[in-house]
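The values are calculated or read from the model by the stated rules, or taken from the named source; none is laboratory data. Since we're looking at a predicted model, the values are computed, not measured. Glycine also receives a Cβ, built like all others from the backbone with ideal geometry; neighbour counts cover every protein chain displayed.
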């Protein structure tokens with residue numbers, strides 16, 4: 001009988017020691033992997049910040065082609081998210097939400113599963129020359145369950161390889177996009193600014209010549225005011241129908257200007273825009289517009305205004321059309 005009692009005492013002692021040691025283990029388990037990508041932070045950031053792009057590089061998306069996804073807030077940028085359902089994985093349902101999106105440097109996520117504590121995830125980007133070092137940090141809250149605390153010791157070994165495999169896929173995707181000089185659409189915030197412009201209906205056949213005349217007229221108007229130009233010249237395509245363009249050309253200006261016919265002045269409101277930077281001849285801008293329109297449609301954004309072209313390069317100062325930089329913005333909501 002004493003032997004049995006002694007054995008039970010040892011079992012209780014070992015179990016108590018098991019429990020005690022469990023609470024000396026960390027509640028939050030960190031799993032970290034990184035990779036170096038021969039691409040710009042802009043390209044890398046765009047593939048992580050846009051949850052629609054994860055299907056191209058996330059191991060879980062690739063392993064389960066029948067993964068069911070429902071995007072929240074269009075699936076791009078701050079406060080966007082995705083809810084998924086899968087029959088293949090242990091966690092059959094879950095939700096991923098972007099809680100912080102700092103362009104080209106950091107994206108912070110929250111991961112939620114039914115009946116489990118939420119986890120945190122972070123992608124940090126650091127540019128080194130022409131490369132981007134991307135670090136993926138996953139922080140799992142294993143709670144107070146002692147068995148979960150011990151199981152947490154295995155998470156790095158179990159989950160870590162999946163993170164690394166996904167990073168390898170992401171590296172390939174980004175480097176292909178970079179090699180192909182792919183057009184990258186981003187969701188950006190455009191701050192309000194004062195402007196001066198002129199609006200006319202113009203035949204599409206002579207739009208290039210007419211734009212030059214309109215910019216010259218606006219420049220003269222600004223020079224005779226108390227303000228100065230304060231940014232890239234822009235063109236707004238209010239409507240295109242039957243070969244005629246309802247076109248507005250203008251400049252950001254340093255302050256408010258009193259309007260005078262035929263010129264318009266005012267303050268552009270802040271906007272969220274689907275934005276694309278295009279380098280090339282203006283004759284090929286249609287390709288860029290088609291790219292951004294398709295991006296808006298697939299992410300189910302709604303247009304909140306007419307498209308805007310901003311011209312960062314003056315062709316009079318740059319003879320090579322391949323270096324002409326045009327920024328295209330579509331206000332969306």
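Quick notes
- Given (1) closer than 30 Å to residue 263 by Cβ; (2) touching a helix residue (DSSP H, G or I) at 6+ places or on another chain (Cβ under 7 Å), index of the condition residue 194 fails: (2)
- Subset of segment 80-99 [in contact with a strand residue (DSSP E or B) (Cβ under 8 Å, 6 or more places away or on another chain) and closer than 16 Å to residue 118 by Cα]: 81, 82, 83, 84, 92, 93, 94, 95, 96, 97, 98, 99
- Against the numbered list (1) over 22 Å from the mean Cα position of the chain (by Cα); (2) in a loop (DSSP other than H, G, I, E, B), residue 306 comes up short only at (1).
- Entirely in segment 1-84, the helices (runs of 4 or more DSSP H) that have 1 or more residues that are more than 17 Å from residue 171 (Cβ to Cβ) and either out of contact with any helix residue (DSSP H, G or I) (no Cβ under 7 Å at 6 or more places or on another chain) or modelled with pLDDT of 95 or more (or both): 2-22, 59-63
- Hey, residue 235 modelled with pLDDT of 95 or more, closer than 21 Å to residue 201 by Cα and surrounded by 12 or more Cβ atoms within 10 Å (Cβ to Cβ) or not: yes
- Residues that are assigned by TED's automatic domain parsing to the domain that holds residue 76, farther than 30 Å from residue 333 by Cβ, surrounded by 14 or more Cβ atoms within 10 Å (Cβ to Cβ) and touching a strand residue (DSSP E or B) at 6+ places or on another chain (Cβ under 9 Å) are absent from segment 198-216.
- Among the residues making up segment 280-290, a single one is closer than 18 Å to residue 180 by Cβ, touching a residue at least 60 places away in the same chain (Cβ under 8 Å) and surrounded by fewer than 18 Cβ atoms within 10 Å (Cβ to Cβ): 287.
- Residues within segment 133-178 that are modelled with pLDDT of 75 or more and in a helix (DSSP H, G or I), tallied: 24
- In segment 240-270, the residues that are over 20 Å from residue 225 (Cα atoms), part of a strand (DSSP E or B) and modelled with pLDDT under 95: 240, 241
- Selection count where residues are without any contact (Cβ under 8 Å) to a residue 40 or more places away in the chain and assigned to a helix (DSSP H, G or I), scope segment 179-216: 11
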